[in-house]
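Read the structure below first, then the notes.
The values are calculated or read from the model by the stated rules, or taken from the named source; none is laboratory data. Computed from a predicted model, the values in this text were never measured in an experiment. Here the Cβ positions follow ideal geometry from the backbone for every residue, glycine too, while neighbour counts run over all protein chains shown. Note: accessible area is taken over every heavy atom of the protein model, side chains too, but ligands, DNA and RNA are not part of it. Shrake-Rupley method; radii C 1.70, N 1.55, O 1.52, S 1.80 Å.
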There are 2 protein chains.
Amino acid sequence: MSVYLNDRFIENNEATLHVSDLSMQRGYAIFDFMRTLNGVPLFIDDYLNRFYASAETMRFTVNKNRKELSDIIYELIKRSGLNEAGVRLMLTGGYSPDSYTPSEPNLLITCNPVKTATTEDFEKGFSIITHEHQRELPQVKSINYLTAVWLQPLLKEKQANDVLYYNKESITEFPRSNVFIITDKNILVTPSKNILKGITRKQILSLASEMMEAEERNITIEELLNAKEVFSTATTRRLIPVIKINNKAVGNGEPGVFTKKLYKEFLNLEKSLAYLVSR
Amino acid sequence: MSVYLNDRFIENNEATLHVSDLSMQRGYAIFDFMRTLNGVPLFIDDYLNRFYASAETMRFTVNKNRKELSDIIYELIKRSGLNEAGVRLMLTGGYSPDSYTPSEPNLLITCNPVKTATTEDFEKGFSIITHEHQRELPQVKSINYLTAVWLQPLLKEKQANDVLYYNKESITEFPRSNVFIITDKNILVTPSKNILKGITRKQILSLASEMMEAEERNITIEELLNAKEVFSTATTRRLIPVIKINNKAVGNGEPGVFTKKLYKEFLNLEKSLAYLVSR
C-alpha cells in the first residue's frame, strides 16, 4: 500500500517520522479522514476545507494547494486498488530544534482499507455513556485523543459503544463523532459550539432541511435524556441510532422513524455521488 | 548520539516510529525528562517513579524494570560523552491495528545536549501571563501540549516568557513547570491539585522545609497577584523568579530574598549529588 510523504510516494513501511517531530514530542499535529466508495473520495471538498482550516488555526503552512492534494489523493486511491478505503491526511509540527517550537510541517497521506458500520450495526444501535470533558481547540481536528483513548476500558466495563462528552450542562460531541436529537416536536437539533463540525453532520443537516425543521443550538443533558430519537454521525459510522444512554432507553429503545429516514437518504446520497462521479 | 529503542541501542537517525503508532494517530504517549550534571542523572529515582506512575495511569506495561532502565540511561550518558545532557524516556500507545486501540508500547530513550537556565536568566527573571486552561489527566506526563504550543505566538506578542494556567479561580501550573509563591507571612505555598508534580518542585519543598513554613494547597489568582515573591521550577529551568504577572510587577520587581536563598540551596544540592555520586 503506498503512502505520500512530503514530496513523494513511498512504501508503507517507509511511512515513519523521526521522534523529534512535534507530533511525538508535544502531540502537535492535525489530521483529517475521508472515505471512498467505488473509488470516489466522498465529500472531498468538505474534508479539504476542514483540513486547511485546521492547519490555519494551528498556524501550519500547507505546501500544497487543493488541486495538488486532490491529485495525490486520487493517485493513492488508484494505487490502492480499493473500492472502499480510508484516506488520512496528517500534518505535523515538524522536526523541532528544541522539541517545543514548530518547524516546517511534515505532510503524510495514507490510503488504507476501512471498516464502515453495517446495516446490522444500524439496526442494533449504540448504548452510550456521558462524561464531562471539553476538547482543547475543539474546532481543530488535532491528534489529541488523550481522554478518549484513556476512557476505553470504562466503555468496556459499562458495556457501552461510545461516550458522549458534555461541558457543564451542555452536550457537545462524541470523541470521533457528532450527536443529533429529535425533539418531541419533531425538530432535529445538533450542538453548534465547542465541537468539531463533522462532514457527515453537515450532510445530514442539509438532507434534513428538505424534510423537517433543523436547528444548531445548545442541548442540555436533560433535553438529551428526554429526546424522542438520538443518533450519532461520523465518516465511517455514517449514522447510528443511540438506543440507550447511561442505561436508560431512548424512546422505545429502537431506531426511530426520522433516524431511519435520514439514514436511507444518506445512503442514497453517497451512492449517487460514488456512481455518478465515477462514470 | 545514540538512542535506545525497545530492545537495542540504535543511531539517532534510526530513531523513527511508523505513523501507525498511537502517539501520532491519537497523541497517546507519555514521557519523562531528566538532566545530568557531571554525567550523573540527577534525582533519577524520582524521575523513574514518575515515569512508572504515568505508565500505570495510561495502562501501559513497561517491559523493563528500574534496574534495566537505569542501566540503559547510564549507558546512553556514557556513550554521549556529555557532562550535561537531557535524558528523555518516551513510552507510546504502540502500533495500533485500528489507529485507536493501544497495542504493545514502544519505548524510546534519548540522550542529547541540554540548555539550562543560567545565573543571568535567574537575575533577569520571568514576565508571565495567565490563561484559563486545565490539562487533561494532569498527574500524567503525557505528550499533550496542544494548548501550550498553540499559545506560543501570544507569548511573543505579550513579550512574556511563560504562561501560567488557572482553573476557575485557582492557579495550577505552567505548561512545563510548577509555580510557588511566598506570602506576606513568609510562607512558601505551591498548588497541590490538578497539576503534574515536578521533581524540582519536590526538591524545593524539601529544601524549604529546613528554613520556613511550606504548604501545598489551593492558590487563588488574587493571592498570586498579592504575593511577595513568585517563582517557577522545572528540570532545565531549576528555579526562576517571576518578576511580572500580566504586566504588573511582583513585589519590587526583583528576585526576592527567599527565592534567591532556595535557588542557592538547590544549586548546592545538585552539585553535591553530581560530584559526590560520581566519585
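As a test of reading the structure, rank B:ASP21, A:ASP98 by solvent-accessible area (1.4 Å probe, protein chains only), most first. Can you show the working numbers first?
Numbers: B:ASP21 0, A:ASP98 80 Å².
From most exposed to least exposed: A:ASP98, B:ASP21.
I'd like the GluC sites (Glu not before Pro) in the range B:178-279 restricted to DSSP loop residues with at most 16 other Cβ atoms within 10 Å, sorted by number.
Numbers: sites: B:GLU210, B:GLU213, B:GLU215, B:GLU216, B:GLU222, B:GLU223, B:GLU229, B:GLU265, B:GLU270; in loops: B:GLU210, B:GLU213.
Loop-located and lightly packed - B:GLU210, B:GLU213.
To the nearest whole percent, what portion of all C-alpha pairs in the range A:85-190 is separated by more than 17 angstrom?
Value for the range A:85-190: 70 percent of Cα pairs lie more than 17 Å apart.
Say the cut-off is 32 Å between C-alpha atoms; which of A:LYS244/B:LYS193; A:LYS202/A:LYS244; A:LYS78/A:LYS202; B:LYS67/B:LYS228 go over it?
Long pairs (Cα-Cα over 32 Å): A:LYS244/B:LYS193; B:LYS67/B:LYS228.
Between B:LEU267, B:LEU91, B:LEU42, where does the largest GNM mean-square fluctuation fall for chain B, given springs only between Cα atoms within less than 10 Å?
Looking only at B:LEU267, B:LEU91, B:LEU42, the biggest GNM fluctuation is shown by B:LEU267.
Taking only protein heavy atoms and a 1.4 Å probe, what accessible area per residue, in Å², does the range A:49-152 have with all protein chains in place?
44
For chain B, what is the relative contact order in percent, using Cα pairs closer than 8 Å and at least 6 residues apart in sequence?
That works out to 19 percent.
Amide H neighbours of A:ASN246 under 5 Å, at least 5 residues apart or on other chains, H built in the peptide plane: list them.
When sequence neighbours closer than 5 places are left aside, the close amide H contacts are A:ILE128, A:ILE129, A:THR130.
For B:LYS264, which aspartates and glutamates qualify as cross-link partners when the Cα separation must be under 17 Å and same-chain residues fewer than eight apart are set aside?
The reachable aspartates and glutamates, counting only those whose Cα sits under 17 Å from B:LYS264, are B:GLU120, B:ASP121, B:GLU123, B:GLU210, B:GLU229, B:GLU254.
Take the solvent-accessible surface of the protein heavy atoms, probe 1.4 Å, and return the percent of it on the range B:145-272 that carbon and sulfur atoms account for.
46
Enumerate the calculated ³J(HN,Hα) couplings along the range B:193-206 in order (Karplus 6.51 cos²θ - 1.76 cosθ + 1.60, θ = phi - 60°), each rounded to whole Hz, writing x wherever the residue is Gly or Pro.
Using θ = phi - 60°, the values come out as 10, 6, 10, 8, 7, x, 6, 5, 3, 4, 5, 5, 4, 5 Hz.
Summing Lys, Arg as +1 and Asp, Glu as -1, what charge do residues with Cβ under 13 Å from the Cβ of B:GLN152 carry, B:GLN152 excluded? Present the calculation step by step, with values, prior to reporting the outcome.
Numbers: positive: A:ARG26, A:ARG59, B:LYS156, B:LYS158, B:ARG176; negative: A:ASP98, B:GLU157, B:ASP162.
Around B:GLN152, the charge tally is +2.
Using the Cα centre of the protein assembly as shown as origin and beta-carbon charges of +1 (Lys, Arg) and -1 (Asp, Glu), tell me which of B:SER2, B:ASN167, A:LEU146 is placed farthest towards the positive end of the dipole.
B:SER2
What does the charge count near A:ILE181 come to, summing +1 for each Lys or Arg and -1 for each Asp or Glu among other residues with Cβ under 9 Å from its Cβ?
-1
Just to confirm the numbers: B:GLN152, label point 7 angstrom along the Cα-Cβ line, distances to the other copies in nm, shortest first?
For B:GLN152, the other copies' label points sit at 3.0 nm, shortest first.
Find every distance from the label point of A:GLU213 to the corresponding label point in the other copies (7 Å from Cα along Cα→Cβ) and write them in nm, one decimal, shortest first.
Sorted ascending, the copy-to-copy spacings read 6.1 nm.
Roughly what angle does helix B:66-80 make with the longest principal axis of chain B, taking Cα atoms, 0 to 90 degrees, to the nearest 10?
90
What quantity of accessible surface, computed with a 1.4 Å probe and excluding non-protein components, is buried in total between chains A and B, in Å² to the nearest 100?
Working: alone 14260 and 14260 Å², together 24570 Å².
In total, this chain pair buries about 3900 Å².
Treat every Asp and Glu Cβ in the range B:186-279 as -1 and every Lys and Arg Cβ as +1, leave all other atoms uncharged, and give the resulting dipole magnitude about the Cα centre to the nearest 20 debye.
Charge dipole of the range B:186-279: 380 debye, to the nearest 20.
Using only DSSP helix segments of four residues or longer, with each worth -39500 (n - 2.57), what per-residue ellipticity at 222 nm results for chain A after dividing by its residue count and rounding to 500? Could you put the intermediate results ahead of the total?
On the way: 9 runs with 87 residues, N = 279.
Estimated from H runs of four or more residues: -9000 deg cm²/dmol.
Hey, can you list the residues from the range A:120-142 whose accessible area shrinks by 10 Å² or more with all protein chains present, relative to the chain by itself (probe 1.4 Å, no ligands or nucleic acids)?
Residues meeting the cut-off: A:HIS133, A:GLU136, A:LEU137, A:SER142.
Rounded, prolate or oblate: which fits the range A:1-140, taking a ≥ b ≥ c as square roots of the Cα gyration tensor eigenvalues, rounded meaning a/c under 1.5, else prolate when a/b beats b/c?
oblate
Quick one: helix B:44-57 against the long Cα principal axis of chain B, what's the angle to the nearest 10°, folded into 0 to 90?
So the helix axis and the longest Cα principal axis differ by about 70 degrees.
Taking loop as defined by DSSP and a crowding limit of 15 other beta carbons within 10 Å, which trypsin sites (Lys or Arg not before Pro) in the range B:177-210 fit?
Working: sites: B:LYS185, B:LYS193, B:LYS197, B:ARG201, B:LYS202; in loops: B:LYS185, B:LYS193, B:LYS197.
Here the trypsin sites (Lys or Arg not before Pro) that fit, given the DSSP loop and packing criteria, are B:LYS185, B:LYS193.
Can you give the net charge of the other residues whose Cβ lies under 14 Å from the Cβ of A:PRO102, counting K and R as +1 and D and E as -1?
-1
In chain A, with Lys and Arg counted as +1 and Asp and Glu as -1 at Cβ, which of these residues, A:ALA29, A:ASN268, A:THR190, has the Cα nearest the positive end of the dipole, that is, farthest along it?
A:ASN268
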